[in-house]
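Encoded as structure tokens, the structure appears first; notes follow it.
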Amino acid sequence: MLSQLEQKRLHISRTIDRSKKSSLGQFFTPETTATFMADIFPDGSGNCRLLDAGAGIGSLSAAFLERWRKGAFHFQQVEVDAFEIDKTLIKHLSDTLNRYTDSDFDSNIFVEDFIESAVGSLVDTLFSTPRGLYTHAILNPPYKKISSNSSHRRFLRQVGIETVNLYSAFVALALSLVAPGGHIVAILPRSFCNGLYYRPFR
């Protein structure tokens with residue numbers, strides 16, 4: 001199944017407009033990387049709530065679910081919340097997740113800005129939509145600078161997050177949305193580890 005998904009990823013990566021990829025900070029995760037990331041998670045039990053923020057066509061969720069279906073995890077149920085802002089990818093994402101539909105699996109696709117949605121879930125207001133905490137999160141966040149006067153910076157400041165790039169914002173929000181004892185696997189560029197901009201965040 002993943003090999004078919006990988007062919008689709010390669011096709012979409014070749015055909016999608018470069019300026020659009022740049023504006024959204026899109027990087028579609030190769031199959032080998034997605035499988036490696038899913039393999040990092042320890043075996044589990046009980047029920048799993050998986051967050052896939054910036055899900056694209058669902059490569060990361062699929063890798064996680066493939067491992068579960070092969071028996072490496074011991075979850076009784078799995079629920080995936082997949083966030084993707086690019087409407088052109090939603091059909092592909094839906095097709096990916098629908099391959100795992102069963103009585104012990106459920107998925108929710110949110111066609112909305114993950115930062116805005118996550119902050120809305122974390123901030124207790126009349127218009128907030130709490131989504132509950134996740135047991136697992138798997139992320140290949142978008143890589144793009146955030147300007148100091150952008151709506152993203154304003155949203156992030158509501159929950160005490162100061163950062164200059166979308167990828168670190170996604171990871172910070174995932175940390176806030178994962179329950180104590182939960183697990184996060186995310187792709188981070190080297191600049192996160194040694195850049196002065198990210199010292200306060202680290």
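Taking residues in segment 4-33 that are closer than 12 Å to His92 by Cα, and partners anywhere that are modelled with pLDDT under 75, not one pair has Cβ atoms closer than 8 Å while being at least 6 places apart or on different chains. Close Cβ contacts (under 9 Å, 6 or more residues apart or on different chains) running from residues in segment 88-100 that are without any contact (Cβ under 8 Å) to a residue 40 or more places away in the chain to residues that are hydroxyl-bearing (Ser, Thr, Tyr) and assigned to a helix (DSSP H, G or I) comprise Leu93/Ser61; Leu97/Ser61; Tyr100/Ser61. So is Phe73 over 29 Å from Ser191 (Cα atoms) and open to solvent by less than 30 Å² (accessible area, probe 1.4 Å) or not? The answer is yes for Phe73.
Could you check segment 84-103 and list, in sequence order, the residues that are in contact with a Phe, Trp or Tyr (Cβ under 8 Å, 6 or more places away or on another chain) and either part of a helix (DSSP H, G or I) or surrounded by fewer than 21 Cβ atoms within 10 Å (Cβ to Cβ) (or both)? If the condition is that a residue be in contact with a Phe, Trp or Tyr (Cβ under 8 Å, 6 or more places away or on another chain) and either part of a helix (DSSP H, G or I) or surrounded by fewer than 21 Cβ atoms within 10 Å (Cβ to Cβ) (or both), then Ile85 is the only one that fits.
Just so you know, in segment 105-132 the residues that are over 13 Å from the mean Cα position of the chain (by Cα), of a type outside the set (Gly, Ala, Ser) and at pLDDT 95 or above include one that is most open to solvent (accessible area, probe 1.4 Å), and it is Asp106.
Glu162 falls short on exactly one of the conditions (1) open to solvent by less than 40 Å² (accessible area, probe 1.4 Å); (2) part of a loop (DSSP other than H, G, I, E, B); (3) farther than 28 Å from Phe41 by Cβ, and that condition is (1). Answer yes or no as to whether Glu116 is under 18 Å from Ala174 (Cβ atoms), without any contact (Cβ under 8 Å) to a residue 40 or more places away in the chain and either part of a loop (DSSP other than H, G, I, E, B) or in contact with a Lys or Arg (Cβ under 8 Å, 6 or more places away or on another chain) (or both). Considered against the rule, which asks whether it is under 18 Å from Ala174 (Cβ atoms), without any contact (Cβ under 8 Å) to a residue 40 or more places away in the chain and either part of a loop (DSSP other than H, G, I, E, B) or in contact with a Lys or Arg (Cβ under 8 Å, 6 or more places away or on another chain) (or both), Glu116 comes out as no.
Identify, from the list Phe64, Phe36, Phe41, the residue that is modelled with pLDDT of 95 or more and exposed (fewer than 15 other Cβ atoms within 10 Å of the Cβ).
On the way: Phe64 fails: exposed (fewer than 15 other Cβ atoms within 10 Å of the Cβ); Phe41 fails: exposed (fewer than 15 other Cβ atoms within 10 Å of the Cβ).
On inspection, the qualifying residue turns out to be Phe36.
Restricting Ser191, Ser147, Ser168 to residues that are open to solvent by 40 Å² or more (accessible area, probe 1.4 Å) and either within 26 Å of Thr32 (Cβ to Cβ) or not acidic (Asp, Glu) (or both) narrows the list to Ser147.
The values are calculated or read from the model by the stated rules, or taken from the named source; none is laboratory data. The shown structure was predicted, so the numbers you read here are calculated from the model rather than taken from an experiment. Quick reminder, even Gly has a Cβ in these numbers, built from the backbone with ideal geometry, and neighbours come from all protein chains shown. With ligands, DNA and RNA removed, areas are computed over all heavy atoms of the protein, side chains included. Shrake-Rupley method; radii C 1.70, N 1.55, O 1.52, S 1.80 Å.
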